[in-house]
Amino acid sequence: MLNLECQVDILINNQEVLAQNYAEIHDPGKLTDVVGRVAVGTAEDVDKAVQAAHNAFLDWRKTNSKERIEKITAAVKVVQDSMGDLVPLLVREHGGMLWEAQTDFGIGMATLEYYAGIGENFVKTEFIEDDSSWVSIEKKAKGVIGAIVPWNMPVCLTMMKVGPALVTGNTMVIKPSPTAPLAISILLKRIAAILPDGVINVVHGDAGVGVALTRHPLVKKIAFTGGTETGAQVNSNAASFFKAVTLELGGNDPAIILDDVNPADIIPKLLKGVYTRSGQICFAVKRIYVQEKMLDKFFNTMCDIVNEYKVGHGLAEGASFGPLNNNKQYNLVKAMIENTKNSGAVVRELGSKLNPEGWDNGYFLLPHVVKDEDHLSQIVSCEQFGPIIPIIPYKTVEQAIEYANETEYGLCSSVWSSDIQRALAIGQQIEAGSTFINNHSFESLSLGMPFGGVKNSGMGRELAGEPTLSAYIDYHTMRYLK
Ligand code: NDP
């Protein structure tokens, strides 16, 4: 049934530009419903948007930080006021739970507020003077920032780029993901409307649009969140034009469980980091290491708890988590589950279908828990991005640390113990951007705490003060000798 709610167009200079082609967005939890249509942009649209952003930059960079902070503060209110209509729309286009979409907006809003709060202090010119010389250190906006975002948490991942870019005086061309473009585009249109024309522009489209953005000579920095393979392409395209990049990429986060915990006490909290967004979060817990003596107890306790989950539509009362976002991801995770079943690991399919009649009309998968003796199996080594979690035994803490580090990724990680000092000492040895102690979920994030990965999980940091903001400016110094 066609249930068309909205159409999002390309946005250049605060004008909606009609495209030649539009793609339908289907509800991943009710595939027969069309939620809206999104413009399919081209490289030509990217060029026009970048030109508009560049022209806007010539004036926007001259505004003082107070004016920009006023605008960002007004944007916080826009995000808040938009939750009523856009949160349910986001659920219907990306497949998450209502509370997950609210969290996405909530983190987005808090991020803008944070940059409005710290921006003025960061951008002010520093002076160093002694008997022999005078030095000024100015922080100058780079110009046009190209922002490319994925579908899993589109609002907060976009605001993590909008906040630092605007407060430092840059303008933007943003490419949302084609599989969750509606709510974020409407939100960006509302935010753009309170800013001078051309400060925020939006171009939709496939990877060709992303490539055009990363290769445009007037784009001075790319802020990218997405998969590691795509990040490598973005990095190499940007490097040929000497653009700065921030890359927030994939993860395969380990959780190390020490033998001094009671499984029943920690598992409910640990699970918040496993199945939220059906596992489709960059820093979801993706492998769990358990001391071999408590493996069976841990596995059985976890299965009992997971078995209570109900999988259903994000707007349905009683659903624990929703469908996967898109067909590609759905098929990938299904194939992974089959492969794991054939590998000799113990695989438990758990939970229940909230609406069995509607099950095949969505990208639904039940939660799976795996007991895997092979610490290098596919399900342990890859970023599964779905509701399946391997539990792997270790003999010694040293071995657990070795296993945790035995990966190309290094986004986040966690250590679970009743002894905080012991957990911190282990955390220091993990190769990752962050290690959380006795938590590993949205509540682990904190504004001001740099977020980002090492190894193939990325370059640069978001959500922080100086480590984030300095990637959006160029220093300009002047000195005279007395
Ligand atoms: P993708 O890497 O497939 O896509 C991300 C964005 O990049 C999309 O808008 C995509 O457009 C675009 N894109 C694709 N190819 C290119 C290219 N060559 N040049 C420029 N842009 C391009 O990621 P997903 O959308 O599938 O998101 C899931 C991934 O994102 C996971 O690996 C996850 O871990 C990671 N992620 C990382 C986070 C972090 O903070 N570290 C947070 C959230 C997610 P199109 O879809 O049209 O191809």
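The values are calculated or read from the model by the stated rules, or taken from the named source; none is laboratory data. Bear in mind the structure is a predicted one, so any value in this text is a computation, not a measurement. Here the Cβ positions follow ideal geometry from the backbone for every residue, glycine too, while neighbour counts run over all protein chains shown.
Couple of notes before you dig in:
- The range 12-39: number of residues that are surrounded by fewer than 20 Cβ atoms within 10 Å (Cβ to Cβ) and within 18 Å of residue 200 (Cα to Cα): 6
- Counting the residues of the range 278-311 that are among the β-branched types (Val, Ile, Thr) and touching an Asp or Glu at 6+ places or on another chain (Cβ under 8 Å) gives 1.
- In this structure, residue 278 qualifies as of a type in the set (Ser, Thr, Tyr) and either under 23 Å from the mean Cα position of the chain (by Cα) or within 8 Å of the ligand (Cβ to nearest atom) (or both).
- The listed residues are 180, 165, and the only one of them that is modelled with pLDDT of 95 or more and closer than 20 Å to residue 471 by Cβ turns out to be 165.
- Residue selected from the range 207-221 under the condition closer than 18 Å to residue 56 by Cβ and more than 7 Å from the ligand (Cβ to nearest atom), by the criterion surrounded by the fewest Cβ atoms within 10 Å (Cβ to Cβ): 217
- Count - residues of the range 333-386 that are farther than 25 Å from residue 32 by Cβ, in contact with a Lys or Arg (Cβ under 9 Å, 6 or more places away or on another chain) and part of a helix (DSSP H, G or I): 3
- Taking the listed residues 388, 420, the one that is of a type in the set (Val, Ile, Thr) and within 14 Å of residue 256 (Cα to Cα) is 420, with no other qualifying.
- From the options 116, 43, 101, residue that is out of contact with any Phe, Trp or Tyr (no Cβ under 7 Å at 6 or more places or on another chain) and surrounded by 23 or more Cβ atoms within 10 Å (Cβ to Cβ): 101
- Cβ-Cβ distances below 9 Å connect the following pairs, each with a first residue in the range 437-451 that is of a type in the set (A, V, I, L, M), a second residue that is exposed (fewer than 15 other Cβ atoms within 10 Å of the Cβ), and a separation of six or more residues or different chains: 437/420; 437/424.
- Of all residue pairs spaced 6 or more apart or on separate chains, those with beta-carbon atoms under 7 Å, a first member in the range 23-44 that is free of Cβ contacts under 8 Å to residues at least 24 places away in the same chain and within 13 Å of residue 325 (Cα to Cα) and a second member that is among the aliphatic types (A, V, I, L, M) and crowded, with 18+ Cβ neighbours inside 10 Å are 26/35.
- Matching residues in the range 456-482 - criterion: being charged (D, E, K, R) and either part of a strand (DSSP E or B) or surrounded by fewer than 17 Cβ atoms within 10 Å (Cβ to Cβ) (or both): 462, 466, 474, 479, 482
- Any hit, the range 185-193, residues being buried (at least 24 other Cβ atoms within 10 Å of the Cβ) and near the ligand (Cβ under 8 Å from one of its atoms): no
- Whichever residue in the range 180-212 is part of a helix (DSSP H, G or I) and of a type in the set (Val, Ile, Thr) and, among such residues, is nearest to residue 92 (Cα to Cα): 184
- Test: residue in the range 226-239 that is in a strand (DSSP E or B), more than 9 Å from the ligand (Cβ to nearest atom) and over 30 Å from residue 85 (Cβ atoms): no
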